[in-house]
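Note sheet for the following structure.
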Ligand SMILES: Cc1cc2nc3c(=O)[nH]c(=O)nc-3n(C[C@H](O)[C@H](O)[C@H](O)COP(=O)(O)OP(=O)(O)OC[C@H]3O[C@@H](n4cnc5c(N)ncnc54)[C@H](O)[C@@H]3O)c2cc1C
Ligand code: FES
Ligand code: FES
């Protein structure tokens with residue numbers, strides 16, 4: 001079967017990958033582009049560990065074929081912050097102990113990023129509902145919710161003082 | 001967990017999609033959001049050598065509400081159904097049900113067309129569409145035909161759609177009455193253990209219109225005709241509701257699975273139907 005030239009914008013950079021249409025986006029990101037921040041938990045569209053931002057939507061990259069991502073604009077955890085310049089969400093996850101083993105965290109943060117774009121002043125219930133596609137086996141969620149609410153609050157404070 | 005290989009097509013018109021579908025026959029399948037199809041392809045439960053992505057066909061997108069008639073393009077996502085303010089205003093039932101489907105990630109990509117065409121008894125939209133008495137527009141090489149949602153489902157994964165037809169849009173009248181979609185699930189994001197869609201209108205304390213359909217309580221959605229006939233024209237008190245619930249449970253035919261034994265599912269069905277009827281009446 002013929003390979004396809006897959007062109008995408010990933011974390012602001014144009015990339016081209018030669019791959020099979022059936023390849024999953026998660027594998028393209030991890031194995032072809034070396035962006036291993038995107039984790040694969042269940043590979044069956046249930047856990048959300050593989051969540052990335054694609055064309056302004058949170059998607060489970062284990063359930064998107066490479067061919068479907070043609071022309072897409074993708075942001076992974078690597079595109080949100082760097083070790084020296086953490087994204088506010090990463091700061092807040094750190095401060096509020098929003099992670100333990102960290103396996104779910106890239107998915108949590110990329111999802112929370114899009115969620116806060118759509119709802120800048122969420123209630124706790126909004127956060128829990130908006131994050132319901134992401135599973136965590138460690139934290140019991142409480143601190144993840146706290147971290148996201150704290151991010152929203154900080155974002156709003158920064159907006160006000162600007 | 002990667003499926004066997006396929007050739008990928010992304011036509012930009014319905015005609016384009018139909019000609020690929022006709023050319024490759026059984027070997028071809030359309031893909032919408034892929035969130036029912038990709039999992040089964042990964043498990044290699046289905047053999048597809050030509051995958052036709054409907055995502056590039058703008059004719060299949062969009063929601064219109066005109067003269068009391070709602071029309072929704074097959075490729076409209078569940079997320080769009082939830083965020084469309086006109087739809088939320090005129091048919092809040094759709095938003096209420098869509099919010100109970102899967103999780104946010106799935107709803108961004110999962111489409112109404114894929115949900116109703118799939119034929120999985122666990123999908124919520126088929127029962128919802130039977131509640132709304134919706135019509136499906138099917139477009140094939142020989143033109144367009146309309147099939148009622150209530151006549152579309154034959155058995156699990158068997159529908160009235162021919163292999164070379166595409167489900168292009170869904171339409172129904174604005175209900176203008178009390179509504180509810182109640183769903184019992186094991187956890188958020190799960191398919192229903194039992195779910196029910198209800199529409200009801202009242203003339204003082206007499207029921208003037210009703211529609212009830214069930215999800216995941218048989219190998220197809222179940223439109224509860226007996227229950228409806230026993231409500232319409234009657235004074236609605238707790239006894240009448242009890243009777244309607246009884247007819248709905250009678251009409252269900254669930255199988256035992258990981259969501260529980262038959263007795264449990266029928267018990268849950270009774271509870272959610274009663275809740276749905278009561279909520280719908282309260283919203284008239
Ligand atoms: C974790 C998870 C949880 C879920 N929970 C729920 C739930 O609670 N309730 C629920 O209802 N659904 C649930 N789903 C399913 C989800 O809503 C799917 O997105 C939906 O069932 C199918 O829509 P799709 O656009 O993804 O279709 P696809 O997966 O692309 O297609 C499904 C089938 O329909 C056919 N098809 C698609 N579009 C058309 C068309 N226009 N014409 C003809 N045939 C077509 C395809 O060939 C395929 O056979 C869940 C899915 C996941 C992954
Ligand atoms: S790895 Fe994609 S949802 Fe679990
Ligand atoms: S921190 Fe371990 S799974 Fe979430």
Original post:
Which value results for Rg/Rh of the protein assembly as shown when Rg is the Cα radius of gyration and Rh the Kirkwood radius based on the inverse mean 1/r?
Top reply: 0.99
**OP:** May I ask for log10 I(q)/I(0) of region A:4-79 at q = 0.14, 0.15, 0.16, 0.20 Å⁻¹, from a Debye sum over the Cα atoms as equal point scatterers with solvent left out?
**Re:** -0.35, -0.40, -0.46, -0.74
**OP:** Taking chain A as the reference, fit the longest principal axis to its C-alpha atoms, fit the long axis of helix A:105-118 to the helix C-alpha atoms, and give the angle between the two in degrees, 0 to 90, nearest 10.
**Re:** 70 degrees
Subject >> For chain B: span of alpha carbons on each principal axis (Å, largest first) >> reply: 59, 45, 33
Original post:
In degrees between 0 and 90, to the nearest 10, how far off the longest principal axis of chain B does helix B:262-282 point, with axes built from Cα atoms?
Top reply: 70 degrees
Subject >> Where labels lie 7 Å past Cα in the beta-carbon direction, separation of residue B:250 and residue B:283 in nm >> reply: 2.7 nm
**OP:** Can you tell me the relative contact order of chain B? Whole percent, Cα pairs under 8 Å, sequence separation 6 or more.
**Re:** 15 percent
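Run the numbers for residue B:44 and residue B:188: contour at 0.36 nm per residue of separation, minus the present Cα-Cα distance, in nm.
This chain segment gains 49.1 nm when fully extended.
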Original post:
Roughly how many Å is it from the Cα centre of region B:114-134 to that of region A:40-62, as a whole number?
Top reply: 25 Å
Original post:
Label-point separation (nm) for residue B:155 and residue A:95, each offset 7 Å from Cα along Cα-to-Cβ?
Top reply: 6.0 nm
**OP:** Starting from the Kirkwood radius over alpha-carbon pairs of region B:175-284, derive D by Stokes-Einstein at 25 °C in a medium of 0.890 mPa s and give it in µm² s⁻¹.
**Re:** 179 µm²/s
Subject >> Where labels lie 7 Å past Cα in the beta-carbon direction, separation of residue A:7 and residue B:257 in nm >> reply: 4.3 nm
Original post:
Using a Förster distance of 35 Å, how high is the FRET efficiency between residue A:18 and residue B:59, based on the Cβ-Cβ distance and rounded to 0.05?
Top reply: 0.65
Original post:
Using 1/(1 + (r/R0)^6) with R0 = 56 angstrom and r between the beta carbons of residue A:125 and residue A:82, what's the FRET efficiency to the nearest 0.05?
Top reply: 0.95
Original post:
What base-10 log of the normalised intensity I(q)/I(0) is obtained for region A:88-161 from the Debye formula, alpha carbons as equal point scatterers, at q = 0.14 Å⁻¹?
Top reply: -0.36
Original post:
By how many degrees, between 0 and 90 and to the nearest 10, does the Cα long axis of helix A:142-161 differ from the longest principal axis of chain A?
Top reply: 80 degrees
**OP:** Run a plain Debye calculation on chain A (Cα atoms as equal point scatterers, no solvent) and give log10 I(q)/I(0) at q = 0.13, 0.14, 0.17 Å⁻¹, rounded to two decimals, same order as the q list.
**Re:** -0.60, -0.68, -0.97
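Each value in this text was obtained by applying a stated rule to the coordinates, not by laboratory testing. A quick note: this is a predicted structure, and the numbers were derived from the prediction, not measured. For neighbour counting, all protein chains shown are included, and Cβ atoms are generated from backbone atoms with ideal geometry for every residue, glycine included.
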